[in-house]
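In what follows, a structure is listed as C-alpha cells, so that the remarks can point back to it.
The values are calculated or read from the model by the stated rules, or taken from the named source; none is laboratory data. Quick caveat, the model's predicted, so the values are computed rather than measured. Don't worry about glycine lacking a Cβ; one is built from the backbone with ideal geometry, like all the others, and counts go over all protein chains shown.
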Amino acid sequence: MNNNIKLSASLLKAIGHPIRVQIILALANHGDMTVTELTEYLQIDQPIMSLHLAVLRKFNVILVTKDGKKSVYSILDNSVCQVVSIIYYTRNN
C-alpha cells in the first residue's frame, strides 16, 4: 500500500470524531478562537477539548498561536475544512 494512502486514511480517522468535526466547523464558521471560546461555544469540558485539539494539531489540521497567555486556534489545512464542510452541509437528516 502506498504511503499517501496510509497518510490519507490516518487523517480521515483523525477528523472522524464528532467533537473534532464540531471544532473544525466552529473554526471554519467563526475564524480564530481561543480554547475558552471553543469550550463555551461547543459546551465541551476543557480537558476533553484539549485532547481533541491536540489530535487535530498533530495532523496539521489546525494551528495554534500564542496571544499573551491565550492559545488561539485556526484552520491550517483548508482542504480538510472543505471536506468536512461539504460532508456536513450536504447530508440531509
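Quick check: anything in the stretch 50-66 in contact with a strand residue (DSSP E or B) (Cβ under 9 Å, 6 or more places away or on another chain) and among the basic types (Lys, Arg)? Checked the stretch 50-66: at least one residue is in contact with a strand residue (DSSP E or B) (Cβ under 9 Å, 6 or more places away or on another chain) and among the basic types (Lys, Arg). From the list 79, 74, the lone residue that is in a helix (DSSP H, G or I) and of a type in the set (Gly, Ala, Ser) is 79. Scanning the stretch 42-73 for residues that are closer than 21 Å to residue 8 by Cα and small (Gly, Ala, Ser) turns up just one, 54. Going through (1) crowded, with 16+ Cβ neighbours inside 10 Å; (2) without any contact (Cβ under 8 Å) to a residue 12 or more places away in the chain one by one, residue 25 falls short only on (2). In this structure, does residue 22 turn out to be polar (S, T, N, Q), at pLDDT 95 or above and at positive phi? Judged against the criteria, residue 22 is not a match.
In the stretch 45-61, the count of residues that are touching a Phe, Trp or Tyr at 6+ places or on another chain (Cβ under 8 Å), surrounded by fewer than 16 Cβ atoms within 10 Å (Cβ to Cβ) and in contact (Cβ under 8 Å) with a residue 24 or more places away in the chain is zero.
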